[in-house]
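Below: one structure, written as structure tokens.
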């Protein structure tokens, strides 16, 4: 059974919308993925101090350790979170207190899509306990990630892994029509994707959006379509 749209919570205590609303007021831009992870954990603790946060937590499945970006531990529930921060070039001043930023371009958008979908599949494996859900979260100022491809465009090797607005991901996803088998990814759930605005800064590349996909303990999910206040 799919989760009700907008009902997803972190550690059973707070909605993602509330955390993002507070986060973007203070940190409209981040220097790195690690900066995003740390800032998210700090805001979560300030809003709900009863929820503990642990970074880089090993998840041992079939004797092999895989590391989770953030585990949020509440009194009765947990949320496993994987982050992605993919940027194009942008430089400017933002935040409170104001900071200077000089973001570099991560050119391989196809690999960004692949890695995000892999995060979703990993979270399906991690969320086997009944009181633990998952959250795959990507924040970016690269518009090609949220923009649907134009009509008549020839399929690219990452066609199955597209994560643009209103896309649905499910089943077995093939890289280059299956010719690169190691990149094949299979999802148990069906996921409707909805992007939300995070912040808008001056200049080209100044618009930041985020995509959030919640993974339920049973492996089914829905994207979080609530924009920050």
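As a summary of the residue check, residue 221 satisfies the conditions (1) at pLDDT 95 or above; (2) touching a strand residue (DSSP E or B) at 6+ places or on another chain (Cβ under 6 Å); (3) part of a loop (DSSP other than H, G, I, E, B) except for the one numbered (1).
Filter segment 166-185 down to the residues that are farther than 27 Å from residue 12 by Cβ and touching a helix residue (DSSP H, G or I) at 6+ places or on another chain (Cβ under 7 Å) and list them by number. Residues satisfying the conditions are 173, 174, 175, 183, 184, 185.
When you look at residue 46, is it outside any loop (DSSP other than H, G, I, E, B), surrounded by fewer than 19 Cβ atoms within 10 Å (Cβ to Cβ) and more than 17 Å from the chain's Cα centre (by Cα), yes or no? It is true that residue 46 is outside any loop (DSSP other than H, G, I, E, B), surrounded by fewer than 19 Cβ atoms within 10 Å (Cβ to Cβ) and more than 17 Å from the chain's Cα centre (by Cα). Using the structure shown, decide if residue 65 is surrounded by fewer than 19 Cβ atoms within 10 Å (Cβ to Cβ), at pLDDT below 95 and assigned to a strand (DSSP E or B). It is true that residue 65 is surrounded by fewer than 19 Cβ atoms within 10 Å (Cβ to Cβ), at pLDDT below 95 and assigned to a strand (DSSP E or B). Among the residues in segment 96-108, are any part of a strand (DSSP E or B) and in contact with a helix residue (DSSP H, G or I) (Cβ under 7 Å, 6 or more places away or on another chain)? No, every residue in segment 96-108 fails to be part of a strand (DSSP E or B) and in contact with a helix residue (DSSP H, G or I) (Cβ under 7 Å, 6 or more places away or on another chain). Apart from one condition, residue 143 fits all of (1) under 20 Å from residue 215 (Cβ atoms); (2) in contact with a strand residue (DSSP E or B) (Cβ under 8 Å, 6 or more places away or on another chain); the exception is (1). Among 59, 37, which is the only one that is touching a residue at least 24 places away in the same chain (Cβ under 8 Å), in a strand (DSSP E or B), touching a strand residue (DSSP E or B) at 6+ places or on another chain (Cβ under 8 Å) and surrounded by 15 or more Cβ atoms within 10 Å (Cβ to Cβ)? Being touching a residue at least 24 places away in the same chain (Cβ under 8 Å), in a strand (DSSP E or B), touching a strand residue (DSSP E or B) at 6+ places or on another chain (Cβ under 8 Å) and surrounded by 15 or more Cβ atoms within 10 Å (Cβ to Cβ) holds for just one of 59, 37, which is 59.
The values are calculated or read from the model by the stated rules, or taken from the named source; none is laboratory data. Note that the structure is predicted; figures quoted are calculated from it, not measured. Cβ: placed from backbone, ideal geometry, glycine included. Neighbour counts: every protein chain shown.
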